[in-house]
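The values are calculated or read from the model by the stated rules, or taken from the named source; none is laboratory data. Predicted, not measured: the structure shown is a model, and the values here were computed from it. Cβ: placed from backbone, ideal geometry, glycine included. Neighbour counts: every protein chain shown. When the accessible area is computed, the model is the full protein with side chains, heavy atoms only, and any ligands, DNA or RNA have been set aside. Shrake-Rupley method; radii C 1.70, N 1.55, O 1.52, S 1.80 Å.
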Amino acid sequence: MRLSYARELDEYPTGARRMKILTMAVLAILIGSYEGQIAPVVPLLLKDLDMSLATYGAVSGTAAVAGAIASILGGRLTDRLGRVRLLIPLMALTAICCFGMTLVHSPRDLLIARIVLAFVDGVAMASTAPLIRDFSPRMGRAQAFGFWTWGPVGANFLAAAVAGWTLPIFDNSWRSQFVIMGCFSLVISVVIALNIADLSPELRARIQHTERAGTQVVDLGRPPRLRSLFSRPNIWAHVVGISLWLVLYITLSLFGQTMLVGALGISSAEASTIMAAFWSLNLITLIVTGRLSDRTQLRKPFSLAGTVAAVLVTAYLAVSLGQEGVSTGTLMVIGALLGGSLGIAYAPWMANYSEDAEDADPRLQGTAWGLFGFLSKGIAVIGLLVIPHVVEATNWQTWLFVALGCLVLFIPAILLFNGPWRRPSPAPTTKVTAGKAEA
């Protein structure tokens, strides 16, 4: 008997119904990312548990490894079991894990709690990117993935805003944040469960060009094979290329404020203002460029243009880190331009990766995005373990040049992706004059 929450659709949804399901998928990644947020309470946590920053880094790195393994495992499971069947119960379980954080009284307790939460959350969130693919035809996919990216970014703002508002109310108790997080997550999980649905396996095996036009490209009588995905050079170009691209992104995500404070001697408040400019323009360009990419049905030109712009801005920022007297206004402009450039490249890349994986076998979307989750969390682990040591041995300027080199190496990888560089010329029209057809 099919479980009531695992509703499957036998016809591709259109209009408001499709948009509602997409909204639920975006809401799921927002909540899943919010549940993993701990940064706003780290100073309180360190003091209460009598824990050093190095110990906290080791705990976070270990949890990130668990999350990386969970992502690739969850990707395979979501292809086999279905997206919703995996997502809904695990979202409820992650909410319970948030409540479990209130039982932490030592670094060992924190390690166990963060590993369990990261693993469960990693498996659950592996369903969200495949859901975005399932319910976004190619004519609107880059914009849909742009909204998906709002989840991890928006979670930073949500966690900071909730902490800033409620910590004074609860006498600066870090445990209060996890109670709020758990309650909020449980309520939203119910909302998602009541409104989300899954495509039938037959529909997931199709390539959907528009809401009403799709193409069957695989023999449903044959099981999906990983070889059909990973034997393609363009898939490996995506995998290796985005791993290099993410080095800069993860550096800014994990250590943006720390880098600016350490290299330029500015205050934490000024560094946060600069990073806010980075994230703000990044969020805008993700959606705007995604829409343009969908209207033109071009992916590679946007990824290339955004990456080249990011290379130039990063080079300028790296040089600026070695100078004195750089104004906060100048740094805000640099940060905004860098965030905007990365946003221009990212949403079209996600659509490109999804479509290239789809061309191999649409039934392996979960596997493809599970691998992406593994890579992104793996780069985060490297960042947590490697970046501090490199910076201690040299300086932040040196590491930024390393990240810049990795970003440059993404450019040749773009050349191996599938997809056109220019819009195809419109088909010639035929008009009839005096009984003769003219092309």
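Kindly provide the set of residues from segment 325-339 that are part of a helix (DSSP H, G or I) and out of contact with any Leu (no Cβ under 9 Å at 6 or more places or on another chain), ordered by number. I'd like the intermediate steps shown before the answer.
Initially, segment 325-339 is screened for residues part of a helix (DSSP H, G or I), giving 328-339.
328, 329, 330, 332, 333 - these are the residues of segment 325-339 that are part of a helix (DSSP H, G or I) and out of contact with any Leu (no Cβ under 9 Å at 6 or more places or on another chain).
One residue stands out in segment 31-44 among those that are surrounded by fewer than 21 Cβ atoms within 10 Å (Cβ to Cβ) and in a helix (DSSP H, G or I): the one that is modelled with the highest pLDDT, namely 44.
Of note, residue 141 satisfies the criterion of being open to solvent by less than 20 Å² (accessible area, probe 1.4 Å), assigned to a helix (DSSP H, G or I) and charged (D, E, K, R). The set of residues in segment 155-176 being outside any loop (DSSP other than H, G, I, E, B), modelled with pLDDT under 90 and either surrounded by 18 or more Cβ atoms within 10 Å (Cβ to Cβ) or not small (Gly, Ala, Ser) (or both) consists of 155, 156, 157, 158, 159, 162, 163, 165, 166, 174.
Just the residues that are closer than 21 Å to residue 16 by Cα and either modelled with pLDDT of 80 or more or of a type in the set (D, E, K, R) (or both), please, taken from segment 121-139. Walk me through how you get there before you give the answer.
Going through segment 121-139, the residues closer than 21 Å to residue 16 by Cα turn out to be 128-139.
The answer is 128, 129, 130, 131, 132, 133, 134, 135, 136, 137, 138.
Residue 53 passes every criterion in (1) modelled with pLDDT of 85 or more; (2) out of contact with any strand residue (DSSP E or B) (no Cβ under 8 Å at 6 or more places or on another chain); (3) surrounded by fewer than 21 Cβ atoms within 10 Å (Cβ to Cβ) apart from (1).
Within segment 406-433, the set of residues being among the charged types (D, E, K, R), at pLDDT 65 or above and surrounded by fewer than 10 Cβ atoms within 10 Å (Cβ to Cβ) comprises 422 only.
So how many residues does segment 293-324 have that are open to solvent by less than 20 Å² (accessible area, probe 1.4 Å), part of a helix (DSSP H, G or I) and of a type outside the set (Val, Ile, Thr)? Final tally of qualifying residues: 9. Among residues of segment 396-409 that are without any contact (Cβ under 8 Å) to a residue 12 or more places away in the chain, those with a Cβ under 8 angstrom from a residue that is part of a helix (DSSP H, G or I), sequence gap 6+ or separate chain, pair up as 398/390; 398/391.
Look at segment 272-300: where a residue is in contact (Cβ under 8 Å) with a residue 60 or more places away in the chain and farther than 12 Å from residue 145 by Cα and a partner is among the aromatic types (Phe, Trp, Tyr) and open to solvent by less than 30 Å² (accessible area, probe 1.4 Å), sitting 6+ places away or on another chain with Cβ atoms under 6 Å, you get 300/417. For first residues located in segment 339-366 and open to solvent by 10 Å² or more (accessible area, probe 1.4 Å), partners that are of a type in the set (Asp, Glu) and part of a helix (DSSP H, G or I) and lie 6+ apart or on another chain with Cβ distances below 8 Å form the pairs 363/79.
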